[in-house]
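This report concerns only the one structure given below.
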Amino acid sequence: MRVIVVVGARPNFIKVAPLVPALTAHGIAADIVHTGQHYDAAMSDVFFEDLELPEPRWFLGVGSGTHATQTAAAMVKLEELLAVERPDALLVVGDVNSTLAGALAAVKLHIPVVHLEAGLRSRDFSMPEEVNRLVTDQLSALLLTPVREADENLVREGVDPARIRFVGNVMAESLLRALPRVEARDACARYGLARGAYVLATVHRPENTDHPERLAEIVAALRESPLPVLFPVHPRTRPRLAEHGLLASAHGVVLTDPVGYLDMLSLERDAAAIVTDSGGVQEEACMLHTPCVTVRRSTERRITIEVGANRLVGAWRDKISAALADALASSRDWPTPEFWDDRVSVRVAEALVSGVEPMPGV
Ligand code: UD1
Ligand code: UDP
């Protein structure tokens, strides 16, 4: 069996890291195609180094653009590649534009699509990711879910349960596999911060970056944090902070470029609390037992709230500050969600080996 695995954006690299060795061990040939959605060294190359990922066999150089421009460019290039290579399946991960482009290109070539991290729903259609998730899931022959709630979401949307397999959260497996290499890392010291005595923040969702008033509320809350804040800034966010005069590293907020994966895990582990709008960071905070505050209107990672690791607040200064105070005072003792373990990639490989049924009519 031969599978092509699509990656394009930062969280994709992290999600596929455990997969390639597990697929190979199960006799599945796996090649990576990188669409080039993310291209800065700090948003792409660093993850291949940190995760010891094999070089992509193909690099499509799609780059940035509007949603249609970026998705269409990735579709055109993926279609050309898939028409020649004709793998037995195309594996896509997560919910970025490269995920959707891969699913659309493959399904019309009658190549079965396998979606890892299927079934998550925020029920907020203003999020591009929600659109990408919903469409990708409808087009997928095999849907591999990270939580049981995702299976229920898919069945409710009419997906045949025979296509769904609960495999667990591959982001958790990447983290567990990387942790031994993070053990001795003290990334916070590089920023003059002490372990357990700072807050880590990330913000990149359009619902925050593209609404100046929300971005200003988040920054105001970070500035009144009782502990210093370290804020590695996503390339989408930096120009928005600059436009609105929010870039100055004042009042105890240290802004820095995006950091590598191993440094990020070290920073997340050693933070007193995390403030974020990232999907992956919510999950990692849950795994690392660092209390999290999610600055969004919704989350598709509801399980992190259910276990007591996370609290959802909108982008309101007073609500964020109150939630941060609660997070800093809270216990770090909560259960790890089911199948957020180091066997996810094996379950993925087993699901593939047991067969990918073609879509109806194919
Ligand atoms: C994308 C995903 C989002 C994911 C995030 C992970 C979509 C619709 N969104 O958002 O779900 O959470 O990646 O980080 O796919 N840029 C650079 N250098 C880069 C990459 C991007 O400067 O290497 C800048 C460009 O100005 C670009 C902007 O960031 O226009 C946004 O990049 P894009 O890939 O379109 O979306 P993200 O916000 O990164
Ligand atoms: N991450 C990183 N460096 C950073 C910020 C995030 O390595 O400066 C990692 C983080 O640990 C997680 C992933 O990137 O594994 C999350 O990606 P992101 O927040 O960009 O996207 P999302 O998960 O929201 O789609």
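Taking Ala322, is it surrounded by 15 or more Cβ atoms within 10 Å (Cβ to Cβ), without any contact (Cβ under 8 Å) to a residue 24 or more places away in the chain and of a type in the set (Gly, Ala, Ser)?
It is true that Ala322 is surrounded by 15 or more Cβ atoms within 10 Å (Cβ to Cβ), without any contact (Cβ under 8 Å) to a residue 24 or more places away in the chain and of a type in the set (Gly, Ala, Ser).
Could you tell me whether Ser345 is at pLDDT 95 or above, of a type in the set (Ser, Thr, Tyr) and over 26 Å from Glu173 (Cβ atoms)?
no
Give the residue that is nearest to ligand 2 (Cβ to nearest atom), with candidates limited to residues of the range 1-38 that are in a loop (DSSP other than H, G, I, E, B) and surrounded by fewer than 18 Cβ atoms within 10 Å (Cβ to Cβ).
His26
When you scan the range 194-217, how many residues do you find that are over 20 Å from the mean Cα position of the chain (by Cα) and either surrounded by fewer than 23 Cβ atoms within 10 Å (Cβ to Cβ) or not aliphatic (A, V, I, L, M) (or both)?
Of the residues in that region, 12 qualify.
Looking only at the range 171-181, count how many residues are crowded, with 22+ Cβ neighbours inside 10 Å and away from ligand 1 (no atom under 16 Å from the Cβ).
3
Which of the residues spanning the range 17-45 are under 20 Å from Asp263 (Cβ atoms) and away from ligand 1 (no atom under 11 Å from the Cβ)?
Ala17, Pro18
Here is a list: Glu49, Glu55, Glu85. Which entry is surrounded by 15 or more Cβ atoms within 10 Å (Cβ to Cβ) and among the charged types (D, E, K, R)?
It is Glu85.
Can you tell which of Ala248, Ala273 is more than 12 Å from ligand 2 (Cβ to nearest atom), over 17 Å from the mean Cα position of the chain (by Cα) and surrounded by fewer than 23 Cβ atoms within 10 Å (Cβ to Cβ)?
Ala248
Kindly indicate the residue of the range 277-313 that is assigned to a loop (DSSP other than H, G, I, E, B) and free of Cβ contacts under 8 Å to residues at least 40 places away in the same chain and also surrounded by the most Cβ atoms within 10 Å (Cβ to Cβ) among those meeting that condition.
Among them, the one singled out is Ala309.
Could you tell me whether Phe59 is within 15 Å of ligand 1 (Cβ to nearest atom), in contact with a Ser or Thr (Cβ under 9 Å, 6 or more places away or on another chain) and at pLDDT 95 or above?
Against the criterion (within 15 Å of ligand 1 (Cβ to nearest atom), in contact with a Ser or Thr (Cβ under 9 Å, 6 or more places away or on another chain) and at pLDDT 95 or above), Phe59 qualifies.
The values are calculated or read from the model by the stated rules, or taken from the named source; none is laboratory data. Here the structure is a predicted model, which is why all the values come from computation and not from measurement. In this analysis, Cβ positions are derived from the backbone assuming ideal geometry, glycine residues included, and neighbour counts consider all displayed protein chains.
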